[in-house]
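S.K.: Take this structure first; my questions come after.
The values are calculated or read from the model by the stated rules, or taken from the named source; none is laboratory data. Computed from a predicted model, the values in this text were never measured in an experiment. Note that we place each Cβ from the backbone using ideal geometry, even for glycine, and neighbour counts take in every protein chain shown.
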């Protein structure tokens with residue numbers, strides 16, 4: 001664990017302020033949830049992602065989509081790719097374009113072949129945000145080397161809705 005040299009007092013309500021530099025370094029935005037862990041040595045904070053709780057389901061879903069529909073699928077939370085049918089894509093930090101799509105709760109469908117994931121993939125993409133209780137938790141991304149047909153966009157919408165209902169249950 002890395003020491004920061006920052007010392008903060010706890011106020012009468014038990015609150016502390018995380019310095020802006022630390023929030024910026026860790027990518028913690030206003031309004032985001034933090035998970036609290038405790039052991040005999042101290043209290044630890046970590047960014048919380050509901051999608052991490054569904055990691056096994058995400059992995060199985062990626063496998064099913066790849067095997068049955070012959071589509072590559074990527075599932076990202078708000079900071080990195082957590083599951084993918086493309087093994088090289090795991091744990092890659094998402095780029096600003098996808099962050100903006102999530103922030104604005106926008107869908108995206110490429111109309112021409114594009115580079116993606118640190119320029120390691122080139123093809124067509126359908127991206128749909130996973131929105132639950134007005135919070136954008138992540139993004140479903142389908143990838144194909146050649147152009148998409150309408151049914152593939154319906155599959156992306158179906159997968160997005162599957163996550164929404166699984167998380168709300």
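S.K.: Which of the residues spanning the range 50-105 are in contact with a strand residue (DSSP E or B) (Cβ under 6 Å, 6 or more places away or on another chain) and at positive phi?
M.R.: Listed by number, the residues that qualify are 91, 105.
S.K.: Just a yes or no: is a residue in the range 137-148 surrounded by 15 or more Cβ atoms within 10 Å (Cβ to Cβ), part of a helix (DSSP H, G or I) and in contact (Cβ under 8 Å) with a residue 40 or more places away in the chain?
M.R.: no
S.K.: Taking into account only those residues within the range 108-132 that are modelled with pLDDT of 80 or more and assigned to a loop (DSSP other than H, G, I, E, B), which is surrounded by the most Cβ atoms within 10 Å (Cβ to Cβ)?
M.R.: Ranking the qualifying residues of the range 108-132, first place goes to 110.
S.K.: Still on this model: So if I check each of 64, 75, 36, which one is under 18 Å from the mean Cα position of the chain (by Cα) and either modelled with pLDDT of 85 or more or assigned by TED's automatic domain parsing to the domain that holds residue 163 (or both)?
M.R.: 75
S.K.: Something else now. If I go through the range 78-107 residue by residue, how many of them are part of a strand (DSSP E or B) and farther than 15 Å from residue 142 by Cα?
M.R.: Result for the range 78-107: 2.
A quick yes/no check of all residues on (1) out of contact with any helix residue (DSSP H, G or I) (no Cβ under 6 Å at 6 or more places or on another chain); (2) crowded, with 17+ Cβ neighbours inside 10 Å; (3) farther than 24 Å from residue 160 by Cβ:
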| position | (1), (2), (3) |
| --- | --- |
| 69 | yes, no, no |
| 72 | yes, yes, no |
| 75 | no, yes, no |
| 80 | yes, no, no |
| 87 | yes, no, no |
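S.K.: I would also like to ask the following. Given the conditions (1) surrounded by fewer than 16 Cβ atoms within 10 Å (Cβ to Cβ); (2) part of a helix (DSSP H, G or I); (3) under 16 Å from the mean Cα position of the chain (by Cα), report the number of the one that residue 29 does not fulfil.
M.R.: Every listed condition holds for residue 29 apart from (2).
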